[in-house]
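Everything below concerns the one structure shown next.
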Amino acid sequence: MLIRYQEIIMKRIPYTLLLLFLASFSFASADVNEKASELMKLMEIRKNIDASMAQVSIYVDQMIDSQELEPEVKEAAKAKIKASMAAPVEAMKEMNWESMFGEIYTEVFSEDEIQGIIDFYKSPVGKKMLEKQPELVAATMQRMQTEMAKLMPKIQAATMSAIQDA
């Protein structure tokens, strides 16, 4: 059971980060790269990475707490999962997210589009969106947990059926 949670959580980290960035970050020769760099600073990418990592930790706790386990088993499971996630999480923190997303988005957006995005994020509504980003991520992860909890019995039944058929 613990391994299953580890697998689910480890699969969710990249998905969650991708969702976070696709939902909130947009970018697009030297001038374009400078604009992408300006946009990265506006969007405080590193701060958002750290916030999403904290949300993953909360998600792990909530997922384990939702199981009918003895308190000491829950705490041991949390500790083991977090220990197994430590190295990948640390590696993700060391990644140069700014450069990676800058390159991706400069391939997708033109210089004018990047400037438009910068202008948006400097606007009152854009600033509010950036300010509320951690709240948005937390709400998204909470909703994902709720939806996964609904699906878990079906996933478990399908897995058991496949094991029995094999």
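The values are calculated or read from the model by the stated rules, or taken from the named source; none is laboratory data. Everything quoted here is computed from the prediction, not taken from an experiment. Positions of Cβ are backbone-derived with ideal geometry, glycine not excepted, and every protein chain shown enters the neighbour counts. For accessibility, only protein heavy atoms count, side chains too; no ligands or nucleic acids. Shrake-Rupley method; radii C 1.70, N 1.55, O 1.52, S 1.80 Å.
Here is how the numbers come out for the structure above:
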item	result
Table column - 3J(HN,Hα) (Hz), the stretch 66-81, Karplus curve with 6.51, -1.76, 1.60, x for Gly and Pro	6, 8, 7, 10, 5, x, 5, 5, 4, 5, 5, 5, 4, 4, 5, 5
Segment Lys154-Lys132, length gained on full extension (0.36 nm per residue, minus Cα span)	4.5 nm
Within the accessible area of the stretch 33-78 (1.4 Å probe), percent carbon and sulfur	50 percent
Whether the stretch 91-136 is rounded, prolate or oblate, judged on the alpha carbon gyration tensor where a/c under 1.5 counts as rounded	oblate
Carbon plus sulfur fraction of accessible area for the stretch 79-166, probe 1.4 Å, in percent	61 percent
Residue-count net charge about Val125 - beta-carbon cut-off 12 Å; Lys, Arg +1, Asp, Glu -1	+2
Cβ-based net charge around Ser37, under 12 Å, with every Lys or Arg adding one and every Asp or Glu removing one	-3
Among Ala166, Gln62, Val89 the positive-end extreme of the charge dipole of the stretch 16-166 (Cβ point charges)	Gln62
Whole-number accessible area per residue in Å² for the stretch 18-163, which is evaluated in the context of all protein chains at 1.4 Å	59 Å²
Part-to-part distance (alpha-carbon centres) for the stretch 105-166 and the stretch 60-75, which is given in Å	25 Å
Compactness relative to 2.2 N^0.38 Å, alpha carbon Rg of the stretch 37-96	1.44
